[in-house]
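The values are calculated or read from the model by the stated rules, or taken from the named source; none is laboratory data. Bear in mind the structure is a predicted one, so any value in this text is a computation, not a measurement. No Cβ is skipped: glycine too gets one built from the backbone with ideal geometry, and neighbour counts run over all protein chains shown.
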Amino acid sequence: MQASHRFFCAAILTAVFAACALLVPAEAQKGHPAARKNQPGRSAVADGRKLFDSVCATCHGLDGRGGERGPNIATRPEVQRLSDEETLRILQAGIPATGMPGFDALGAPMLQAVMGYLRTLQSVSHAVPIPGNPQRGKLLFVGKAGCANCHMINGAGGFLGADLSSYGSNVSLEEIRSAITDPHKDLDPRSRTVLATTREGRQFTGIARNEDNFSLQLQSLDGTFQLLAKSDLEHLEYQPKSPMPSDYGTVLSASELDDLVSYLVSVARTTKQAQASETKSPRKEEEDD
């Protein structure tokens, strides 16, 4: 097991240096003076993306949201809250206990480029101006759009859908709008509508919260939970659609959609700031004093 782990880490490092060779012009690899003429035109973020795609994505996924070997480093609040110094330290030294190797041999400029691109993955919704009015969006959320019937924000709302307190900081404005108007697109398998029919003919529709080979815990659309034995079921169907209404594109105007998106992003920013304040280290507070 340890041997295979060392082999995998060695493969990562090999890929890192191969990626670096692609980023640096041939003249630079040979110390050629012409290399300095080529460098100013290169984008640090673009270089960071190439390195991330070639190396980090192997474990963490192309979008940074996790893979088979590495965790989500794009949308997890505890990772987003890391300072630049803390993030750079991890890139340099790695996290031996988790199997992540250190990349200090790349040098500070390359690691800064990777970190810069990681920041774009962590704050995609902050990169462009946000149209719409968040106050009107809040009224839509709890009123006309009915989002609060299923979704919770800061402890208030429904339980059927996901908690959206931090959602707006994790995705782009286009993704938020698409999730509202086309909820069946790129649907998370865990959010599929499940239709269960018992041998007595009773039907239950909802979302599977827990499931094994023998039982199914189903949360119905009214929020109630049903524990069903699979031996008692006549039919079990996982439908490729979300319980979320799919007509918001016509029910809401373009400006109302902007307001709703603006509200979700505004709430996420406030939530993120509050979390950062609550988790401020005692050592940092002493330094501030």
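Couple of notes before you dig in:
- Boolean, A254 is modelled with pLDDT of 65 or more, in contact with a Ser or Thr (Cβ under 9 Å, 6 or more places away or on another chain) and among the hydrophobic types (A, V, I, L, M, F, W, C): no
- Restricting segment 176-188 to residues that are touching a residue at least 12 places away in the same chain (Cβ under 8 Å) and not β-branched (V, I, T) leaves a set whose member that is nearest to S253 (Cα to Cα) is R177.
- Condition check for Q217: of a type in the set (S, T, N, Q) and touching a Leu at 6+ places or on another chain (Cβ under 6 Å): yes
- Members of segment 227-264 that are surrounded by 13 or more Cβ atoms within 10 Å (Cβ to Cβ) and without any contact (Cβ under 8 Å) to a residue 24 or more places away in the chain: K230
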